[in-house]
Amino acid sequence: MGNIPDHSPALPPDPAWRDSDALMCDYDAMPLMIDRDVRAAGQEGRQMRFPRRQWRIPAPDAARAAEFARALGTSATTAQLLLNRGFTIQNLEDAHCFVRPQLSHLIEPDRLGGIPRAADRLARAIRDGERIVIYGDYDVDGITATAILWHAFTLLGGDPSDIQTYVPHRVDEGYGLNSDALLKLVNDGNRVIVSVDCGITALDQALFAQEAGVDLIITDHHEWRIRKDNAAEKGEPDLPEAFALVHPRLPGSDYGNPHLTGAGVAFKLAWEVGKRVTGRPKVSQEMRDFLVEALALAALGTIADVAPLTGENRVIARFGLGGLIRTRLNGLRALIDSAGLGGQNLDSYHVGFLLGPRLNACGRMGHAEQAVHMLTRAEQGEARDIASFLEEQNRQRQTTEKKIVAAAIEQIRDRGWDSEDCPAIVVDGEGWHVGVVGIVASRLVDQFHRPAIVLATENGTAAGSGRSIPTFHMAHALAECSACLESHGGHAMAAGLRLQSSYIEAFREQFVALARRDLQGQDLSPTLRADAEVTLDCVNEPLVAELARLGPFGVGNPKPLLVLRDLTVRSARACGKNGEHLQLLLDDEAGCRIKAIAFRCGPLAATLKNASRLDLAAEPSINEWNGRISVELTVKDLAPL
């Protein structure tokens with residue numbers, strides 16, 4: 001990782017493919033969009049409606065797909081999928097980079113805005129033996145970003161006793177740089193502080209650091225504040241006056257990946273500091289080996305933070321996931337083993353729904369410093385103990401979350417906020433655990449398909465989180481409601497906020513009014529975007545294997561979704577615990593037959609009679625059982641004919 005060629009693939013169009021379902025934290029939270037009242041077993045007698053989502057299937061272009069397939073060496077189905085996702089025959093290099101990503105596609109770190117000044121200062125601090133404080137966030141992105149820099153700085157010569165980490169307590173201190181923490185760090189004699197995954201809105205804190213003689217380096221990827229004074233141009237950023245700002249979207253920067261996460265920024269900073277320490281364009285071989293291993297941490301942060309898995313982010317995720325199984329980091333090995341994933345090839349599902357929630361649970365239910373310790377200083381035995389603790393914390397989080405989700409849904413329905421004339425949701429509850437309100441907001445978005453904010457109130461103060469849909473920018477909306485808020489920050493799909501409880505009703509009215517202004521009726525209708533319409537004979541092992549190589553999948557690069565028409569049901573039965581899932585055996589007029597599974601749709605077994613016909617939207621996969629390999633479908637929606 002020295003002189004890496006500067007030819008990162010361009011990002012294909014992103015907004016149309018952002019999938020808010022990826023904000024969920026448990027896989028079984030993504031049921032088919034059937035009638036909400038029949039999801040529970042024992043409700044078979046109610047009327048079902050199909051489909052709940054609008055199916056959008058791009059029109060095929062057989063000639064272009066065939067030409068593209070020849071150029072890429074893929075099937076016509078895969079070529080059509082790539083065309084639908086924004087790749088073209090005119091820009092073949094981008095498509096080749098996507099199909100066959102390489103480490104050389106990573107963008108050189110010195111192109112990242114603000115990084116040269118930051119890296120020079122940190123390299124000097126390491127050489128001179130100065131103490132450095134890495135000030136992180138309490139979510140997966142912040143935890144992994146903190147770990148990347150800690151390992152990098154100690155590897156480059158920093159004394160571990162001089163490289164400190166600080167993570168604020170979610171409940172007691174809240175998100176980001178806070179003045180009390182900075183004051184304590186300054187009083188302890190620290191003069192070099194680098195934030196990760198936070199700080200871009202910390203205007204007052206940056207001024208305090210400057211006055212205290214601290215070199216504050218802010219690295220972040222969230223939205224900044226917008227200046228409000230009349231002299232400023234509309235939309236001009238209001239940035240903190242820190243020693244250095246490192247951010248992928250800084251004004252004037254030509255960095256090619258605006259969606260880099262906090263862990264991605266930390267990875268690039270570690271890379272650049274490594275170059276500055278050697279004084280050469282390349283890092284040392286030892287540092288290069290570490291950077292390859294650190295991609296596993298960067299992948300965890302990237303996937304868990306729901307960043308688009310396109311362009312450079314896909315390279316990070318692809319190679320980072322590959323490195324997880326081989327990691328030598330005690331904390332990562334312990335985390336993987338605690339989830340029962342040791343020795344397995346891991347994908348974005350394992351990170352997003354098994355590993356990520358365990359790391360997040362520590363910050364949600366307790367203090368994330370334990371997770372940071374596990375990924376940095378902990379020896380093997382201690383790392384295993386912390387991983388076991390995180391497992392228990394995650395179980396507590398799940399129990400707490402289910403109670404709040406039920407209470408929030410009851411509040412929404414009792415007050416009529418699920419009606420068509422209410423395009424956004426703001427719920428609040430006394431005593432709700434502030435650590436899980438973001439997950440609850442995600443559940444509400446999945447359930448009602450509209451922006452949702454969940455507030456936990458206590459002693460006259462409300463703190464909460466919001467999640468959004470692709471057509472509504474959450475952080476911008478909160479900025480417009482700032483008169484009601486004490487603080488806020490985030491990005492398009494997720495944000496946090498704090499306000500006095502007495503302002504909740506005024507905030508709710510203003511937030512819903514903004515949604516009513518900005519959202520159209522179709523924005524609130526759940527949409528299923530398919531990649532191609534195919535016949536059953538096309539869904540074979542070679543195609544499924546080829547489509548799998550387009551992973552890792554997530555926001556910006558969802559799993560390939562295929563539509564199959566006029567299939568006949570040969571059997572339909574409920575399966576799984578309490579019969580909550582639906583297993584189907586299907587065939588077509590040509591005699592092709594396939595098995596399919598529809599999670600959390602067991603009640604439909606009584607409705608789908610033998611020989612009934614349906615259209616299906618499903619994700620194909622390879623199933624291996626007792627040495628037998630077969631292609632199966634995971635149903636995402638169905639429409640009886």
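The values are calculated or read from the model by the stated rules, or taken from the named source; none is laboratory data. Values in this document were obtained by computation on a predicted structure and should not be read as measured data. Virtual Cβ from ideal backbone geometry, glycine too; neighbours counted across all protein chains shown. Note: accessible area is taken over every heavy atom of the protein model, side chains too, but ligands, DNA and RNA are not part of it. Shrake-Rupley method; radii C 1.70, N 1.55, O 1.52, S 1.80 Å.
Over the chain, give the accessible area per residue in Å² for a 1.4 Å probe, as an integer.
For the chain, the per-residue accessible area is 41 Å².
Run the numbers for residue 471 and residue 525: contour at 0.36 nm per residue of separation, minus the present Cα-Cα distance, in nm.
18.3 nm
Under a point-charge model restricted to the Cβ atoms of Lys and Arg (+1) and Asp and Glu (-1), what is the dipole moment magnitude of the chain relative to its Cα centre, in debye to the nearest 20?
1240 debye
Place the peptides 188-194, 281-287 in order of packing, highest mean first, counting for every residue the other Cβ atoms within 10 Å and averaging per peptide. Mind showing how you got there, number by number?
Working: 188-194: 18.9, 281-287: 15.4.
The peptides rank, most packed first, as 188-194, 281-287.
Calculated from DSSP H runs of 4 or more alone, at -39500 (n - 2.57) each and per residue, what is the 222 nm mean residue ellipticity of the chain, nearest 500? Please list the in-between numbers first.
Details: 18 runs with 230 residues, N = 641.
Estimated from H runs of four or more residues: -11500 deg cm²/dmol.
Each residue of the range 66-71 in turn: what ³J(HN,Hα) in whole Hz from Karplus with 6.51, -1.76, 1.60 and θ = phi - 60°, glycine and Pro shown as x?
5, 5, 5, 4, 5, 5
Under a plain spin-label model, where a point goes 7 Å from the Cα along Cα-to-Cβ, how far apart in nm are residue 420 and residue 99?
4.5 nm
Only one of the values [x] 44.8; [y] 29.2; [z] 41.2 was calculated from this structure for mean projected area of the Cα convex hull in nm²; name its label.
[y]
Expressed in nm to one decimal, what extension gain is obtained for the pair residue 621 and residue 254 from 0.36 nm per residue of sequence separation less their Cα-Cα distance?
Numbers: separation 367, 0.36 × 367 = 132.12 nm, distance 3.91 nm.
Extra length available between residue 621 and residue 254 comes to 128.2 nm.
Provide the FRET efficiency to the nearest 0.05 for the residue 180-residue 284 pair, computing r from the beta carbons and using R0 = 56 Å.
After rounding to 0.05, the efficiency reads 0.90.
What does DSSP give for the chain in terms of the percent of beta bridges that are antiparallel, rounded to the nearest 5?
If I count the DSSP bridges inside the chain, around 65 percent turn out antiparallel.
To the nearest 0.05, what FRET efficiency results for residue 56 and residue 117 with a Förster distance of 41 Å applied to their C-beta separation? Let's see the in-between values first.
On the way: r = 46 Å, r/R0 = 1.12.
Approximately 0.35, to the nearest 0.05.
Taking the dipole about the Cα centre of the chain, with the C-beta of Lys and Arg at +1 and of Asp and Glu at -1, give me whichever of 129, 444, 63 is farthest to the positive side.
So the residue furthest toward the plus end is 63.
Regarding the range 523-638, what's the average projected area of the Cα-atom convex hull, expressed in nm²? Could you put the intermediate results ahead of the total?
Values: hull surface 34.7 nm².
Result: 8.7 nm².
HN-Hα J couplings of the range 273-283 from phi, Karplus 6.51/-1.76/1.60, θ = phi - 60°, integer Hz, Gly and Pro as x?
4, x, 5, 5, 5, 6, x, 10, x, 10, 7
Exceeding 27 Å between C-alpha atoms, which entries from my cross-link table qualify? They are 184/275; 577/636; 402/577; 609/636; 268/402; 559/595.
Those over the limit are 184/275; 268/402.
Mind giving me the nanometre distance, one decimal, between the label points for residue 212 and residue 630, set 7 Å out from Cα along Cα→Cβ?
Between residue 212 and residue 630, the label points sit 6.4 nm apart.
Just want the answer: with Cβ charges of +1 for Lys and Arg and -1 for Asp and Glu, which residue in 153, 178, 105 is farthest toward the dipole's positive end in the range 96-178?
Value: 105.
Sorting check: for 258-266, 204-212, 588-596, which peptide has the highest mean count of neighbouring beta carbons within 10 Å, and how do the rest follow?
The packing order, highest mean first, is 258-266, 204-212, 588-596.
At a 10 angstrom cut-off on C-beta neighbours, averaged per residue, how do the peptides 620-633, 474-487, 571-584 rank from highest to lowest?
Peptide ranking by packing, descending: 474-487, 571-584, 620-633.
How much of the accessible area of the chain, probe 1.4 Å, is carbon plus sulfur, in whole percent? Provide the component values of the computation, followed by the final result.
Details: 12110 of 26000 Å².
On the chain, the fraction of accessible area on carbon and sulfur atoms equals 47 percent.
Under the 0.36 nm per residue contour assumption, what length would be gained going from the current alpha-carbon distance of residue 606 and residue 188 to full extension?
143.7 nm
Which FRET efficiency value, to the nearest 0.05, do you get for residue 565 and residue 396 by plugging their Cβ-Cβ distance into 1/(1 + (r/R0)^6) with R0 = 60 Å?
0.85
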